[in-house]
Amino acid sequence: MLYLYALVPSSEVEVEPVPTMKGFDGEHDIYALDIQGITAIVCGLPDEEYSESVLQDKIENDMEWLQDKAFHHHETVLMMSKRYTIIPLKFCTIYKHEDSLKEKVGKHLSSLKDAFTDLEGKEEWNVKIYCDDKRLKETISHPSITEKWEEIKQLPKGRQFFEKKKMEQLENKVIESEKNRMCEEFHERLKSYATEGTVKKNWGKDVTGRAEQMAWNSVYFLPKEGVDRFVDEIKQSESKWKEAGWTFEATGPWPPYHFSSFS
């Protein structure tokens with residue numbers, strides 16, 4: 001069996017060979033398999049130890065194994081992306097033998113070579129935006145909210161309690177609306193530096209480990225020559241919005257997981 005990490009142009013591997021390192025099982029070496037001008041970066045796997053049923057059981061029931069192997073896959077693909085133009089494969093992409101992989105790649109030679117042309121000279125970057133709602137609320141002066149609070153002050157004490165609860169709900173809606181508006185504007189500015197940009201699902205605090213809520217999560221595909229301007233735009237925005245409770249986190253370059261595909 002073969003574990004497939006990535007596809008890269010064979011011309012690049014000829015200039016800089018695939019480094020010697022252990023593969024997915026920790027025993028077999030990673031090697032380059034040329035398929036009509038496209039190189040598959042693979043390693044061998046023992047059939048009996050990596051059958052579909054065994055892998056499914058490991059993924060569902062052995063968290064330590066899963067973390068170790070997922071980290072190995074990510075680090076290997078990341079390292080290869082720093083050396084080559086790369087189409088990264090998903091975790092646990094396995095073929096029964098070399099011939100089945102060669103047949104699959106052979107059917108898609110034209111589209112794969114076109115993909116390499118599109119990927120060359122570009123980088124994937126991720127941007128996460130966090131917001132301290134309490135600090136943002138202090139900076140927002142919304143006419144309808146100010147007017148409503150003044151009205152509440154004139155009401156009997158009993159009614160004030162219920163009206164204040166309604167106002168809290170209204171303020172939360174205004175805050176969310178303002179956060180979305182600002183993030184969308186920021187996203188459009190960042191897209192102007194990129195060939196592609198897409199929005200992802202926000203992560204919860206249980207995943208990020210941060211006190212602030214994640215307000216935005218997006219990825220961008222950038223020409224390398226535009227990365228410095230892209231990062232400068234983020235730094236300027238953070239400096240401008242920091243006092244209002246905004247924090248920006250830009251990371252990259254990453255393998256083009258979101259802007260290439262081969263399944």
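The values are calculated or read from the model by the stated rules, or taken from the named source; none is laboratory data. Just so we're clear, the structure is a prediction, and the values are computed from it rather than from any experiment. Positions of Cβ are backbone-derived with ideal geometry, glycine not excepted, and every protein chain shown enters the neighbour counts. For accessibility, only protein heavy atoms count, side chains too; no ligands or nucleic acids. Shrake-Rupley method; radii C 1.70, N 1.55, O 1.52, S 1.80 Å.
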Solution diffusion estimate, µm²/s, Stokes-Einstein, the range 1-123, Kirkwood Rh from C-alpha pairs, 37 °C, viscosity 0.692 mPa s: 219
For the range 1-56, what's the radius of gyration and Dmax over Cα atoms, in angstrom? 12.5, 39
Per residue solvent-accessible surface (Å²) - the chain, probe of 1.4 Å: 58
Could you state how much accessible area residue 229 has, in square angstrom rounded to the nearest 10, with a 1.4 Å probe and all protein chains kept in place? 140
Add +1 for every Lys or Arg and -1 for every Asp or Glu among the other residues with Cβ under 15 Å from the Cβ of residue 34, and state the total. -3
Kirkwood hydrodynamic radius for the range 173-220: how many Å is it when counted over pairs of different Cα atoms? 11.8
What net charge is computed for the residues neighbouring residue 59, neighbours being all others with C-beta under 13 Å from the C-beta of residue 59, Lys and Arg scored +1, Asp and Glu -1? -3
Helical mean residue ellipticity (222 nm; -39500 (n - 2.57) per DSSP H run of 4+; nearest 500) of the chain: -15000 deg cm²/dmol
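Please report, as a whole percent, how much of the solvent-accessible surface of the chain comes from carbon and sulfur atoms (probe radius 1.4 Å).
Details: 7420 of 15130 Å².
Within the chain, the accessible surface is 49 percent carbon and sulfur.
Beyond 32 Å, how much of the Cα-Cα pair distribution for the chain remains, as a whole percent?
Value for the chain (Cα pairs over 32 Å): 43 percent.
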Would you mind telling me which residue in 192, 53, 218 has the biggest mean-square fluctuation in a Gaussian network model of the chain, where springs connect alpha carbons within a distance under 10 angstrom? 53
